[in-house]
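The values are calculated or read from the model by the stated rules, or taken from the named source; none is laboratory data. The model shown is predicted, which means the values in this text are computed figures rather than measured ones. Ideal geometry is used to build each Cβ from the backbone, glycine not excepted, and the neighbour counts take in all protein chains shown.
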Protein chains: 2
Amino acid sequence: MANQKQSTATSNLNVVCLAGGVGGAKLADGLAQILPPDRLTIVVNTGDDFQHLGLTICPDLDTVMYTLGGAANPETGWGREGETWITIGEVARLGGPAWFNLGDLDLATHLVRAQMLSEGQNLTSATHHLCSLFGIEAPVLPMSNQLAPTKILSDGEEPLMFQEWFVRERWQPPVREVQLPDDVIASAQVTMALERADLVLVAPSNPFVSIDPILNVYPIREMISDLPLAVVAVSPIVGGAALKGPAAKMMIEKGMTVSPTAVAAYYGDLIDGLVYDVQDEASAGDFACSTLVTDTIMRDREDRKRLAQETLAFAEEIARSGRNH
Amino acid sequence: MANQKQSTATSNLNVVCLAGGVGGAKLADGLAQILPPDRLTIVVNTGDDFQHLGLTICPDLDTVMYTLGGAANPETGWGREGETWITIGEVARLGGPAWFNLGDLDLATHLVRAQMLSEGQNLTSATHHLCSLFGIEAPVLPMSNQLAPTKILSDGEEPLMFQEWFVRERWQPPVREVQLPDDVIASAQVTMALERADLVLVAPSNPFVSIDPILNVYPIREMISDLPLAVVAVSPIVGGAALKGPAAKMMIEKGMTVSPTAVAAYYGDLIDGLVYDVQDEASAGDFACSTLVTDTIMRDREDRKRLAQETLAFAEEIARSGRNH
C-alpha cells in the first residue's frame with residue numbers, strides 16, 4: 001500500500017529540477033529515467049554561457065543535453081563521447097584562443113545553435129530543437145533567453161568572465177565576489193513550469209556559481225519560495241569536499257565549513273529538505289530542515305536513478321507531511 | 001642585354017593581381033613565386049562571403065590563402081589538404097545546413113577569423129594575420145572591409161545569395177542577372193596598392209562573378225582605368241569551355257560566344273592585353289587589344305610560375321611600348 005501510494009504520487013506531481021553542470025546533469029538524468037516527460041522540467045544555468053570564436057557556447061545546457069541524450073563523455077562528464085580535437089588544434093596553431101576545449105562533435109552543436117540564433121530563434125527554442133535530436137523528451141530549459149553572464153571578481157580590478165576563471169584559470173584565483181547580472185527575466189516556459197511545479201529539486205551543483213545564477217533570474221527565487229509543496233536540495237559536498245569543481249574551495253574562501261550543514265544553511269528558508277552523503281553523517285551538525293542520508297555519489301546510470309528515486313520520495317514525503325515552508 | 005632589362009623591369013614595377021577563386025589563386029601563386037613581396041598585391045573578391053553557421057565564410061580569400069600557403073587541397077583547388085569532415089557530418093545529423101562543405105581544418109580559419117572580427121578587427125587585418133600564419137609575405141587584400149554580397153537572380157522572384165546558387169544549387173539555375181551591391185568602398189590598403197600599381201593583372205577567374213564584383217567596388221574600376229601602365233587579363237576560357245565553374249554556361253546564357261575574343265570584348269577598354277590558350281588560337285576572332293597565346297592551364301606550381309612569368313613579361317612589353325589605353 002505504501003509503495004502503491006508512493007508510485008501514484010510520483011506520477012501525479014510535477015517536478016522542476018534546477019541544474020548546473022556535471023552533477024546537475026547526472027541527477028537530471030536519474031529523474032528523466034523515472035518520471036514521465038510531462039512531469040519533469042529541467043531548468044539549467046546559463047550564467048556560464050559566453051561568446052567565443054564567434055559562437056554562443058552554453059556549457060551547462062550542453063552537459064545536460066549530452067548526459068540525458070546518452071552522448072556525454074563518461075570520463076570527463078562534459079563534452080561528447082568519442083570526441084576528436086582536430087579543429088581546436090588548428091585554432092591553436094593559428095594563434096586563436098584554444099583554452100576552451102571544443103571537440104569536433106561538440107562544435108557541431110555550437111554551429112547549429114549559432115545558425116538557429118542567427119535566424120532569430122531564441123535560446124529556449126534552439127535548445128528544444130537540439131535536445132529533440134538527442135532523443136530527449138523532458139523539457140530542458142535555459143533559465144532565460146537573455147544573456148546573464150556570471151562574473152568572478154578575484155584579486156584583479158576587473159572581474160573575469162565565468163569561463164575565463166573556471167576553465168582558462170582552472171578556478172584557482174580566489175573568489176572575492178560572484179557577480180550576477182541585474183534585470184534578467186526567466187523565459188515564459190520557465191515561469192510556466194514553476195507555476196505548475198509541486199516539487200523543486202536542487203541538483204548537487206555548485207550553490208554559488210550554478211544554482212545562485214538560476215535563483216537570481218526574476219522571478220525564479222520568488223516563485224520557488226511561494227509555490228511548490230516542497231523544495232529539496234542534494235548536497236554537492238561529500239566527505240567534506242566537493243566531488244568535482246570549486247564548491248569546497250569557495251566555501252573555505254567564504255569562511256564557511258565544508259559540510260552539508262553549511263550547504264543547508266546557505267540555502268536557508270528556500271529549501272525544506274537536504275539530501276546528503278553517508279560519509280558526512282557522523283560529522284554533520286544540526287539542520288534547520290529535514291534531511292535524508294544516503295549514498296549520493298553517482299558513478300553510473302543506475303546510481304543516478306537510485307538517487308533520483310530516493311530524493312523524489314523524500315520530497316514527496318515532505319510535501320505529504322506538510323513540513324514545508 | 002634584353003634579358004637583363006626585362007629582369008630589372010620585373011623587379012621595379014608594382015603589380016596588382018585581381019583574383020577570384022581557384023584560377024585566381026593559381027596565377028597569384030605563380031606571381032608570388034617570381035615577384036618580391038613588396039612588388040605584388042593580390043586583391044581578392046569577397047562578393048562570395050556569407051554568414052553561415054554563425055561564422056563569416058570568405059571562400060575566395062581562403063582559397064588564395066591556402067594556395068599561396070601551400071595548404072590547399074590539390075584535388076579540389078579549394079579547402080585544406082589532408083582535410084577531415086567530422087564536424088560537418090555531425091551538423092548534418094543535427095539537422096543543420098550542411099550543404100557548404102566546411103572541413104575540420106578549414107573551420108579553424110573561420111573560428112579564428114570570427115574571434116578577430118568579434119574583437120573589432122576588420123577583414124583586412126584579420127586576413128593579414130591569418131596569411132602571415134600561413135607564411136604568405138605578399139599582401140592578400142579583401143577588396144573591401146564592407147559586406148558586398150553578390151546575388152544571383154535566376155527564375156525565382158528573390159535572388160539567391162552567391163554561395164546558395166554556386167554551391168547549394170551547384171550553379172545550375174540559369175542566371176538572369178548578377179546583382180552587385182551599390183556603395184561598397186575599397187579598403188585604404190586596396191586604393192594605396194592601386195595608386196602605386198604599374199601593372200594590373202586580371203586572373204583567369206570568372207569575369208561576371210569573380211572579377212566584376214571587384215571592379216564594382218568604388219573606386220577600383222576607375223583607378224584601373226586611369227592609373228597603371230598596362231592592364232592584362234588571362235582568359236578563363238580554354239578550348240571553348242571553362243576549365244572550372246560556370247563561366248562558359250553564363251556566357252551562353254548571355255548570348256555570348258564562349259571564346260577568349262568574347263572575354264576580351266567583355267572587359268573592353270579596361271584591358272590592354274589578353275593572354276589566352278593555344279587551344280583557342282585557330283578559332284579566335286579579331287581582338288581590339290594585344291594578345292599573347294600560350295599554354296594557360298596550370299597543372300602544378302611550375303605551370304603557375306611559367307604562366308605568371310609570361311603574363312608579366314607580356315604586360316611589361318605593353319607598358320614599355322606605350323600601347324596601353
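Residue count for the stretch B:56-83 satisfying the condition of being over 18 Å from B:ALA28 (Cβ atoms) and crowded, with 16+ Cβ neighbours inside 10 Å: 3.
Consider A:ASN73 against the criteria (1) in contact (Cβ under 8 Å) with a residue 40 or more places away in the chain; (2) more than 10 Å from every other protein chain (Cβ to nearest Cβ): it satisfies all of them except one. Which criterion is unmet? Here A:ASN73 clears every test but (1).
May I ask you to list the residues in the stretch A:186-211 that are part of a loop (DSSP other than H, G, I, E, B) and more than 13 Å from A:ALA19 (Cβ to Cβ)? Once the filter is applied, which keeps residues that are part of a loop (DSSP other than H, G, I, E, B) and more than 13 Å from A:ALA19 (Cβ to Cβ), the stretch A:186-211 yields A:ALA186, A:SER187, A:ARG196, A:ALA197, A:ASP198.
Go through the stretch A:212-298 and tell me which strands (runs of 3 or more DSSP E), entirely inside it, have 2 or more residues that are within 13 Å of A:LEU201 (Cα to Cα).
Details: elements: A:230-234, A:273-277, A:290-294.
Where strands (runs of 3 or more DSSP E) fall fully within the stretch A:212-298 and carry at least 2 residues being within 13 Å of A:LEU201 (Cα to Cα), they are A:230-234, A:273-277.
For B:ALA148, indicate whether it is at pLDDT 95 or above, within 24 Å of B:TYR66 (Cβ to Cβ) and not charged (D, E, K, R). Criteria met by B:ALA148.
Please find, within the stretch B:106-132, the residue that is nearest to B:VAL190 (Cα to Cα) out of those that are free of Cβ contacts under 8 Å to residues at least 12 places away in the same chain and within 11 Å of chain A (Cβ to nearest Cβ). Of everything passing the filter in the stretch B:106-132, B:SER132 is nearest to B:VAL190 (Cα to Cα). When residues in the stretch A:60-69 are screened for being out of contact with any Ser or Thr (no Cβ under 9 Å at 6 or more places or on another chain), of a type outside the set (Val, Ile, Thr) and more than 14 Å from chain B (Cβ to nearest Cβ), 1 of them pass. For the stretch B:140-161, the set of residues classified as surrounded by fewer than 21 Cβ atoms within 10 Å (Cβ to Cβ), in a loop (DSSP other than H, G, I, E, B) and either within 14 Å of another protein chain (Cβ to nearest Cβ) or not polar (S, T, N, Q) (or both) consists of B:LEU147, B:PRO149, B:ASP155, B:GLY156, B:GLU157, B:GLU158, B:PRO159, listed by residue number. Residues that are at pLDDT below 95 and within 14 Å of another protein chain (Cβ to nearest Cβ): does the stretch A:19-39 have at least one? Checked the stretch A:19-39: no residue is at pLDDT below 95 and within 14 Å of another protein chain (Cβ to nearest Cβ).
Can you go through B:GLY103, B:GLY89, B:GLY47, B:GLY96 and tell me which one is modelled with pLDDT under 95 and either buried (at least 21 other Cβ atoms within 10 Å of the Cβ) or within 10 Å of chain A (Cβ to nearest Cβ) (or both)?
On the way: B:GLY103 fails: modelled with pLDDT under 95; B:GLY89 fails: modelled with pLDDT under 95; B:GLY47 fails: modelled with pLDDT under 95.
Exactly one residue qualifies, and that residue is B:GLY96.
Might you check whether a residue that is of a type in the set (Ser, Thr, Tyr), buried (at least 24 other Cβ atoms within 10 Å of the Cβ) and in contact with an Asp or Glu (Cβ under 9 Å, 6 or more places away or on another chain) occurs anywhere in the stretch A:117-139? Checking the stretch A:117-139: not a single residue is of a type in the set (Ser, Thr, Tyr), buried (at least 24 other Cβ atoms within 10 Å of the Cβ) and in contact with an Asp or Glu (Cβ under 9 Å, 6 or more places away or on another chain). Each residue in the stretch A:165-179 was checked for being buried (at least 18 other Cβ atoms within 10 Å of the Cβ) and either part of a helix (DSSP H, G or I) or of a type in the set (Asp, Glu) (or both), and 2 of them qualify.
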